[in-house]
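What follows is one structure encoded as structure tokens, with my remarks underneath.
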Amino acid sequence: MIKFLDLNHQYQTIKNEINEAIFSVVNDSSFIGGPKLKQFESDFAEYCDTKFCVGVGNGTDALEIAIEALNLPPGSEIIVPSNSFIASSEAVTRTGHKVVFCDVDSATLVINRSCVEGFITERTKAIIAVHLYGHPADMQGLLDLAEEKSLFVIEDCAQAHGAIYKGKVIGGIGHVAAFSFYPGKNLGAFGDAGAIVSNHKELIHRVRMIANHGRVGKYDHKFEGRNSRLDTLQASILSVKLKYLNDWTDRRIQIAEKYRQEFSDIPNITLCEKSVDVKHVYHLYVIRIEDRDNLKDYLNANGISTGVHYPVALPKLGAYSYLRKEQDLSLLNISLSVDSKLLSLPVGEHLSDAEVSYICKTVSDYYSNC
Ligand SMILES: *Cc1c(COP(=O)(O)O)cnc(C)c1O
């Protein structure tokens, strides 16, 4: 079976270094904070070309803490793309604000200025720019709009470590950015982990306090925060893996280019377009087809596992039934109709050239047989 994701394969390629990093933390028995955490935070800030990085417990916490640190009036409206993982919108509600879903661009399936514009009211205070699948959202358009309307742009970078938009690495383009290092992400820990990056000193100061009980010094708490820290063990693992991230990303891009070549002539397949001026890091390689479930079953029967991201657009989830009375769903037409057509093919450094060719051949056989 060709795996969709193979974490053990990646571990085997860097096993000694990872084991050393783990044992070194265990030897120190310094599990919270310390120089190894600081090292990762500074390495990752450098990787994102940002001034600051704060490690936190996971990507969802990163989003929540980033929003909280903006000190928005309670009940502010925050615009979230309908095509994303629930954490993107969950963080809005959890911090006491109101989710307003917008649609996505039909070519890239991420947001741009025109996706968001119609949803802005006088209560809108922020936009969550999700760089979904590893493709940067159209940051220039969003930042222009944000400037005109006095909004914050929060980047959800959970799927896009190292992606580039018009020459800038994502993470430092908006006001604040949230990363996830969930094991299956492009940079993944050995458990839950996340980070917040930003160039704004005051904002990052609040982020650090919120994530650590509102603390400025030992037993000196300025307000009630929470406990969301990046474990030193995870930080040490991430420091090792960060060195390989660009190589792994290059391999993702190589596979994506092969898929693009092979599939662009198959009329039944709609590929997601890549904007000019971006480096797409292909956390997921998503195609759109009418007979999604049939192709998925066919690939599975031929030894290829696939995924669907995401099978139900966020506004259609049970969690948002309350919103359906307020929001006009016909304005979210692309997200709400594309979810039944999405299929994610395997992409990642675990795949051999032979496996990639086999995937291409199996997909094209399916369409030449039917
Ligand atoms: C994975 C993911 C998150 C949440 O990250 P966790 O570390 O799992 O909490 C948020 N947004 C998007 C787009 C994601 O893919």
Filtered residues of the range 164-185 (kept if surrounded by 24 or more Cβ atoms within 10 Å (Cβ to Cβ) and within 15 Å of the ligand (Cβ to nearest atom)): Ile170, Gly171, Gly174, Val176, Ala177, Ala178, Phe179, Ser180, Phe181
Determine which single condition Pro81 fails, assuming it passes every other condition in (1) closer than 30 Å to Leu238 by Cα; (2) free of Cβ contacts under 8 Å to residues at least 40 places away in the same chain. (2)
The range 43-68, residues that are within 15 Å of the ligand (Cβ to nearest atom) and either of a type in the set (D, E, K, R) or closer than 14 Å to Leu187 by Cα (or both): Phe44, Gly55, Asn58, Gly59, Asp61, Glu64
Return the residues of the range 73-94 that are away from the ligand (no atom under 14 Å from the Cβ), touching a helix residue (DSSP H, G or I) at 6+ places or on another chain (Cβ under 8 Å) and farther than 21 Å from Asn112 by Cβ; say none if nothing qualifies. none
Please work out which one of (1) assigned to a loop (DSSP other than H, G, I, E, B); (2) under 12 Å from the mean Cα position of the chain (by Cα); (3) under 26 Å from Phe223 (Cβ atoms) is the condition Gly162 fails and give its number. (3)
Given (1) away from the ligand (no atom under 15 Å from the Cβ); (2) in contact with a Leu (Cβ under 6 Å, 6 or more places away or on another chain), Ala129 misses just (1)
Go through the range 285-319 and give me each residue that's outside any loop (DSSP other than H, G, I, E, B), surrounded by fewer than 20 Cβ atoms within 10 Å (Cβ to Cβ) and touching a residue at least 40 places away in the same chain (Cβ under 8 Å). Arg288, Arg292, Lys296, Tyr298, Gly307, Ala319
If you check Val116, Val216, Val176, which single one turns out to be at pLDDT below 95, of a type in the set (A, V, I, L, M, F, W, C) and on the phi < 0 side of the Ramachandran plot? Val216
Of the residues in the range 132-156 that are more than 16 Å from the ligand (Cβ to nearest atom) and acidic (Asp, Glu), the one that is nearest to the chain's Cα centre (by Cα) is Asp138
Just to be sure, is Phe40 open to solvent by 10 Å² or more (accessible area, probe 1.4 Å), out of contact with any His (no Cβ under 8 Å at 6 or more places or on another chain) and more than 14 Å from the ligand (Cβ to nearest atom)? no
Output for the range 105-126, where each listed residue is more than 14 Å from the ligand (Cβ to nearest atom) and open to solvent by less than 10 Å² (accessible area, probe 1.4 Å): Val116, Thr124, Ala126
Note on Ser340: of the conditions (1) hydroxyl-bearing (Ser, Thr, Tyr); (2) closer than 20 Å to Leu295 by Cβ; (3) part of a helix (DSSP H, G or I), unmet is (3)
So, in the range 188-232, of the ones that are among the polar types (S, T, N, Q) and buried (at least 17 other Cβ atoms within 10 Å of the Cβ), which residue ends up nearest to the ligand (Cβ to nearest atom)? Ser228
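The values are calculated or read from the model by the stated rules, or taken from the named source; none is laboratory data. Not measured: the values here are computed from a predicted model. Quick reminder, even Gly has a Cβ in these numbers, built from the backbone with ideal geometry, and neighbours come from all protein chains shown. Surface areas here come from the heavy atoms of the whole protein model, side chains and all, with no ligands, DNA or RNA. Shrake-Rupley method; radii C 1.70, N 1.55, O 1.52, S 1.80 Å.
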